[in-house]
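The values are calculated or read from the model by the stated rules, or taken from the named source; none is laboratory data. The structure displayed is predicted, hence computed values, not measured ones. Positions of Cβ are generated from backbone atoms using ideal geometry, with glycine treated the same way; all protein chains shown enter the neighbour counts.
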Amino acid sequence: MNVGYIDSSFLLSIIFEDNNYDKSIEIWNSLDVLLGSVLLEIECRINLYKYFILELNDKKSYRGKGMELKELLSSINRKTVDEEIILEIQNYDKLKKLKSLDSIHLAAANIFNKLINEKLLICSYDKNMMIISKEMGMLVI
């Protein structure tokens, strides 16, 4: 079974159809289980707003991409930010090297990684997250 942890850089690649779109779609379609954090929706919605409303002033595209985001998010099992996340960050110094949101994402990913039988695939284009993920024994795209 292929299990992936979805980061905002990966999901936004699909929504914005950027240079990594084909790779992202191929990986997305290969995953049996998609995991993430509740922060994923917040990060993606803020990025959509900044681009479509503040930069392009395009409310129609903003609404359309918001619906696309909602549909994609419905496939992702998302972990809430809770005491378990805080403890994970306290217990792993590697997580303290990242930006706060990235640290929270990788803490959630590491919790999932401990619960599954296979190694978790981190679906992210963030170089720092990829480095720390490897160091923590997870797979990266």
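Go through segment 118-130 and give me each residue that's more than 15 Å from the chain's Cα centre (by Cα) and either free of Cβ contacts under 8 Å to residues at least 60 places away in the same chain or crowded, with 19+ Cβ neighbours inside 10 Å (or both). Steps first, please.
Of the residues in segment 118-130, the ones more than 15 Å from the chain's Cα centre (by Cα) are 118-119.
Within segment 118-130, just K119 meets the criteria.
So which residues in segment 94-122 are among the aliphatic types (A, V, I, L, M) and either on the phi > 0 side of the Ramachandran plot or not in a helix (DSSP H, G or I) (or both), if there are any at all?
Restricting attention to segment 94-122, the residues satisfying the condition of being among the aliphatic types (A, V, I, L, M) are 95, 98, 101, 104, 106-109, 111, 115-116, 120-122.
Of everything in segment 94-122, those that are among the aliphatic types (A, V, I, L, M) and either on the phi > 0 side of the Ramachandran plot or not in a helix (DSSP H, G or I) (or both) turn out to be L98, I116, L120, L121, I122.
Please state which one of E17, E26, E41 is more than 29 Å from K114 (Cα to Cα) and either among the polar types (S, T, N, Q) or at pLDDT 95 or above (or both).
After applying the criteria, what remains is E17.
Conditions (1) surrounded by fewer than 17 Cβ atoms within 10 Å (Cβ to Cβ); (2) within 21 Å of I15 (Cβ to Cβ); (3) without any contact (Cβ under 8 Å) to a residue 24 or more places away in the chain; (4) out of contact with any strand residue (DSSP E or B) (no Cβ under 7 Å at 6 or more places or on another chain), marked per residue:
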residue	(1), (2), (3), (4)
N29	yes, yes, yes, yes
L34	no, yes, no, no
I53	yes, yes, yes, yes
E83	yes, no, yes, yes
A107	no, no, yes, yes
N110	no, no, no, yes
N113	no, no, no, yes
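The conditions are (1) aliphatic (A, V, I, L, M); (2) under 15 Å from the mean Cα position of the chain (by Cα); (3) in a helix (DSSP H, G or I); (4) under 19 Å from L34 (Cβ atoms), and I85 fails exactly one of them. Which is it?
Every condition holds for I85 apart from (2).
So which of N57, N91 ends up being loosely packed, with under 13 Cβ neighbours inside 10 Å and on the phi > 0 side of the Ramachandran plot?
Answer to the selection: N57.
Looking at the structure I just gave you, is S100 over 12 Å from the mean Cα position of the chain (by Cα), of a type in the set (S, T, N, Q) and surrounded by fewer than 12 Cβ atoms within 10 Å (Cβ to Cβ)?
So S100 passes the test.
Identify all residues within segment 79-107 that are in contact with a Ser or Thr (Cβ under 6 Å, 6 or more places away or on another chain) and within 24 Å of L31 (Cα to Cα); write none if there are none.
Residues satisfying the conditions are K79, H105.
Find the residue count for segment 46-82, including only residues that are of a type in the set (G, A, S) and assigned to a loop (DSSP other than H, G, I, E, B).
2
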